[in-house]
Amino acid sequence: MPPVHPLDEAATARAVIDADGTLLRWSEGARRLLGHAPEDVEGRPASGLLADRADLPGEPPGSRWNGTVALRHRDGHALPVWLLAHRRQSPDGGPVSWLVVTPLESRGPREPGDPLTEAMPLQSPCPVAVYDERLRLFAVNDAMADLIGLPEARIQGLRMSEIGGKEESERLETQLRDVLVSGVGRDVETYLRAGGEYRAHAWLARIAPLTGADGKVVGVCLSAHDFSEHYLARERLQLVNEAGLRIGTSLDVTRTAQELADVCVPALADFVSVDLLDPPEHGGEPPVGPPLTPVALRRAAHRSVHPGSPEAVLKPGQVDVYPAASPQADSLAAGRTIVAPDGAATLTEWLSWDALRRERAAEYGLHALMCVPITARGQTLGVAVLARSRRPDPFTADDVLLAEEVTARAAVCIDNARRYSRERETALSLQRSLLPRTLPRTAALEAASRYLPAARAGVGGDWFDVIPLSGMRVAVVVGDVVGHGVQASATMGRLRTAVRTLADIDLAPDELLTHLDDLVVRLSAEDGSEDTTGEVGATCLYAVYDPVTRRCTLARAGHPPPVMLPPGGSARQIDLPAGPPLGLGGLPFESVELALPEGTVLALYTDGLVESRERDADINRDLLCDALERSADSLDGACHAILQALLPAGGAPDDVALLLARTHGLPSSQVATWNIPADPALVAPIRGQVVEQLDRWELSQATFTVELVVSELVTNAIRYGESPIRLRLIHDADTLICEVSDSSHTAPHLRRARTFDEGGRGLLLVAQLTQRWGSRHTTDGKTIWAELSLVPEV
C-alpha cells in the first residue's frame, strides 16, 4: 500500500478572520510569509498587518474576493501579497468568518517528461486540474481556469479547499486524498457554484491517480463534467416519486396540505403556504370553475426553511380575503400557475396589495414567488404559494411543471379527504340520529352508555338500546353491522327499528334473534346479490330482565358475551352460547336464564372495544373487568374508565358501543297475585280483594278504572281461556300494571262491535281507560296486560 502523503500546511499562508476583523487563526505558512508567530497576532485586529490603512478593502459583495494588498512584515518592510478570501458560514448557524489564503510556492514552468505535465490536456474543453503528491494545485487548463474564475498563476500551489473555500470543496479534497493514497480512481458527484455564477451546478468529478515511470503515485488528475440537466431531471423525478409516497398518507385535509408543504421545502422552495377554500356550509359539492373575487381562503398549512415559518402572515386555521389584485386570486381566476417576477410585474408590485406581506418579503429576502391553483375533478380547492429566499435562482419553466405535478397529486388527495370527511360526517350524523339520545328511566335498571366512531375506518353500524317492556320488564340490546359508512349506518337503523318492533310483541330473546336473522337475509336479497346469505352481516346480543323475579334471559348471535359484576363480587364473563351471526339463515339460537341479585352490573359491548392489534382479546376482557370493578359505583364513571383502559390514545380502530346496566328489584310488597278458579261467579269477590289491595297501596283514586279493567280481563280469561288463571297487580311509583294469565295460546284482538252485538266492547273499553295494553306469549300460555298511569294529568 502506498505511504500516506501528509498535507503540507506550510505551503500556504492561511488566516481566519471573523466578521469584526479579528484574527482567529494564523497558520505556519502565514508565519513563514510575514514572520509573525501565532501568539503575536491571534486575537488582534487584522488591520494591524496592513502596511497602509488606505489599502483596507471594504465589505466584499459576494462570498469570494481576491486582490493584492500591501502587508507589513515582522521586520518592518512592506510586502505586496495577492490574497484569496472566502466567506465561511458556521455549520451550526454561528457567525460568519473569512478564510484568507495565498500560495507560497510555485512549480515554475512545466518540464517535458514530467508525468504531471503530460497529464495536462491544455486544449480539452473539459475542465481539468492536476494536483501533486501534496495535493497542491500543479496546473489547470483554460476551461478549469474559466470555471474557477482565477488564472492559474494566482492559484497554483493552493489546495482545493483553499481555492473553493466551501464545505463541499473540503469533502472533495478528501476524495482526492483517498485516490492519492489508494491509487484507485473514482467518480464523485458534487454540487458546487463556479466562480462568478449565481447558482450551483451538478458536477461529475472523475479523479484518477497519476504515476511516474517507476509506477509510484505522484499526483492526481481531476476532470469535471457538468451534468446539471440530468441531475435536475433526476431530482425532479425523485421529488415526484417522494410526493406520491408522502402525500395522502391519511384522509385528513389539514395533514394532506401539510404533507404538500413538507415535500416542496426545501427541494423546490424555501417557503410554501397552502390555502384552501372552505367547503359549502350545508355539504354538497363545491362549485365548478374559478371562485369569484375577492376570495376567502383558509390557511391549511405552511412550511419554511426557517424554524417557526416567520415569513407567514397567517397561522393555520386563520382566514384571509384576497382581492383581485393579489397573485392568489389572479391564479385562481386564471386557473393556471402565475410566477413573479415576470415580464408584466415585479414582485414588489405583486405584493402592493398587502403591506405586511411586502415587509415580510423584504425582511427575509423573498425574491421569487409562484402561485399554483389546487384543482381536482374540475373543482377549485385552493392555492399553493411557493417562494424562494435562500436559493438565489428564480423559478424556471421546469420548476413550474414540477410544482404543478406535485400539486395535482396533492389536490386529488385533498379532494378525497374532503369527500371522506363529508361522508363520515353524514354517516356520523345518521348514526347518532338513529341511536337513542337519552336512555329511558325504568324501575328495573339504571343504564349508561357510550358510542365512539372509528378513528380511521369511518362510522360503522354499532348500536345499543334500552327498551321498556310490559310487566316492568326491560330489554337491553347491543348490535354491530359489518362494514362502515352510510350504508352500515342505514342498515343499523333498520335493524334497531326491527328489534324495537319485535320487542314490542314480547318475543323471547332466542325467538327475536330468529326473526332478526330472517330480516338480515331479506336485506341481503334486496341488495341484488345472487348469494342471499352473508352479504349484510351483523351480530347482536339481546337480554330481558324482570325486576319482579330478578331473572334475566339472554341470547346472542355471534356477538361478544357480556360481563357481569354481582354486588360485592368479582366481574366475570357470562358463559352464553355464541350462536351464528345474523344473516346466515336457518340456524338456531339458544337463550340462557340467570338469577341476578339486585345491584348486579351488566356490561354489553361491541367487538371494537376488546379486539385490537396491540393486545389479545382475552387480555382486554380482563382489563374491562378490572376497570368495571374499580369504578362500578358510578356507571358514567365506569364507562369512562373502561374506554380509558382499553382504547389507544389515537382513538379506536373500529366503532365502539358500550352499555352498562345496574339491575333493581321490585319489593314483594308492591306485587299482589291471585289464583282464580274458572268460575264467573267469583269475579265480584276478586274485584273486592283488588279494591282492598288498592286501599293498602293508597291508590283509591284508581279504584273505579282498575275494577273495570280487572272485571273485563278476568271475565275474558274465564270465558275464553284455560285454567290455571292468575291475576297480578304490580305497583310502581308512577304506574299500576294489571296482568291476567291463562294457559291458552289464543290471543285476543281489538275489534269494533256492531250495533246489536252483545259483546266485543270489553277490550275497546280497556284500551280507552288505560295508558296502553297488550298481550305476550309465555311457555305455558299467554298474559294480557294493561298499564295505568298514576301521574295526574295537568
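Descriptive notes on the structure:
- Matching residues in the stretch 744-781 - criterion: being at positive phi and either modelled with pLDDT under 80 or more than 60 Å from the chain's Cα centre (by Cα) (or both): 760
- Residue that is assigned to a strand (DSSP E or B), modelled with pLDDT of 85 or more and out of contact with any Pro (no Cβ under 7 Å at 6 or more places or on another chain), where the choices are 208, 202: 208
- When the stretch 35-84 is limited to residues that are acidic (Asp, Glu) and either modelled with pLDDT of 85 or more or within 60 Å of the chain's Cα centre (by Cα) (or both), the one that is surrounded by the most Cβ atoms within 10 Å (Cβ to Cβ) turns out to be 42.
- Restricting the stretch 533-589 to residues that are touching a Lys or Arg at 6+ places or on another chain (Cβ under 8 Å) and of a type in the set (S, T, N, Q), the residue that is surrounded by the most Cβ atoms within 10 Å (Cβ to Cβ): 539
- Scanning the stretch 679-695 for residues that are over 15 Å from residue 738 (Cβ atoms) and of a type outside the set (D, E, K, R) yields 680, 681, 682, 684, 685, 688.
Table: residues versus (1) in contact with a helix residue (DSSP H, G or I) (Cβ under 7 Å, 6 or more places away or on another chain); (2) modelled with pLDDT of 90 or more; (3) in the same structural domain as residue 610 (by TED's automatic domain parsing).
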residue: 491; (1), (2), (3): yes, no, yes
residue: 515; (1), (2), (3): yes, yes, yes
residue: 525; (1), (2), (3): no, no, yes
residue: 548; (1), (2), (3): yes, yes, yes
residue: 557; (1), (2), (3): yes, yes, yes
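- Residues in the stretch 307-324 that are surrounded by 13 or more Cβ atoms within 10 Å (Cβ to Cβ), out of contact with any Lys or Arg (no Cβ under 7 Å at 6 or more places or on another chain) and assigned to a loop (DSSP other than H, G, I, E, B): 312, 323.
- Among the candidates 592, 544, 548, the residue that is in contact with a Leu (Cβ under 7 Å, 6 or more places away or on another chain) and in a loop (DSSP other than H, G, I, E, B) is uniquely 548.
- For the stretch 217-261, a residue qualifies if it is small (Gly, Ala, Ser) and under 30 Å from residue 124 (Cα atoms), and the qualifying residues are 219, 223, 224, 228, 233.
- Only one of 517, 462, 510 that is within 29 Å of the chain's Cα centre (by Cα) and surrounded by 18 or more Cβ atoms within 10 Å (Cβ to Cβ): 462
- Among the conditions (1) within 15 Å of residue 382 (Cα to Cα); (2) surrounded by 18 or more Cβ atoms within 10 Å (Cβ to Cβ); (3) at pLDDT 90 or above, the only one that residue 327 does not satisfy is (3).
- Among residues of the stretch 469-497, those that are touching a Leu at 6+ places or on another chain (Cβ under 9 Å) and surrounded by fewer than 20 Cβ atoms within 10 Å (Cβ to Cβ), counted: 5
- Flag for residue 339 being aliphatic (A, V, I, L, M) and surrounded by 17 or more Cβ atoms within 10 Å (Cβ to Cβ): yes
- Selection status of residue 250, assigned by TED's automatic domain parsing to the domain that holds residue 366, among the small types (Gly, Ala, Ser) and assigned to a loop (DSSP other than H, G, I, E, B): yes
- Condition check for residue 376: aliphatic (A, V, I, L, M) and surrounded by 23 or more Cβ atoms within 10 Å (Cβ to Cβ): no
- From the list 293, 249, the one residue that fits, being of a type in the set (Ser, Thr, Tyr), over 30 Å from residue 137 (Cβ atoms) and at pLDDT 85 or above, is 249.
- Some residue of the stretch 428-444 being crowded, with 20+ Cβ neighbours inside 10 Å and closer than 25 Å to residue 311 by Cβ: no
- Of the residues making up the stretch 301-318, just one is of a type in the set (A, V, I, L, M, F, W, C) and under 22 Å from the mean Cα position of the chain (by Cα), namely 301.
- Flag if residue 364 is under 30 Å from residue 464 (Cα atoms) and surrounded by fewer than 19 Cβ atoms within 10 Å (Cβ to Cβ): no
- Filtered by the rule that a residue be over 14 Å from residue 572 (Cβ atoms), in contact with a helix residue (DSSP H, G or I) (Cβ under 8 Å, 6 or more places away or on another chain) and charged (D, E, K, R), the stretch 616-640 gives a lone residue, 630.
- Odd one out for residue 367, checked against (1) within 20 Å of residue 314 (Cα to Cα); (2) in contact (Cβ under 8 Å) with a residue 60 or more places away in the chain: (2)
- Filter result (farther than 20 Å from residue 651 by Cα, surrounded by 15 or more Cβ atoms within 10 Å (Cβ to Cβ) and among the small types (Gly, Ala, Ser)) within the stretch 610-640: 631, 632
- Filter result for residue 109 (at pLDDT 80 or above, over 59 Å from the mean Cα position of the chain (by Cα) and loosely packed, with under 11 Cβ neighbours inside 10 Å): no
- The lone criterion from (1) without any contact (Cβ under 8 Å) to a residue 24 or more places away in the chain; (2) more than 20 Å from residue 264 (Cβ to Cβ) left unmet by residue 347 is number (2).
- Residues in the stretch 138-159 that are over 14 Å from residue 127 (Cα atoms), of a type in the set (A, V, I, L, M) and not in a loop (DSSP other than H, G, I, E, B): 153, 155.
- Selection from the stretch 373-401 of residues that are closer than 30 Å to residue 192 by Cβ, of a type in the set (A, V, I, L, M, F, W, C) and in contact with a Lys or Arg (Cβ under 9 Å, 6 or more places away or on another chain): 395, 401
- Of all residues making up the stretch 666-683, the number that are aromatic (Phe, Trp, Tyr) and either surrounded by fewer than 16 Cβ atoms within 10 Å (Cβ to Cβ) or in a loop (DSSP other than H, G, I, E, B) (or both): 0
The values are calculated or read from the model by the stated rules, or taken from the named source; none is laboratory data. Just so we're clear, the structure is a prediction, and the values are computed from it rather than from any experiment. Cβ atoms come from the backbone with ideal geometry, glycine included; neighbour counts cover every protein chain shown.
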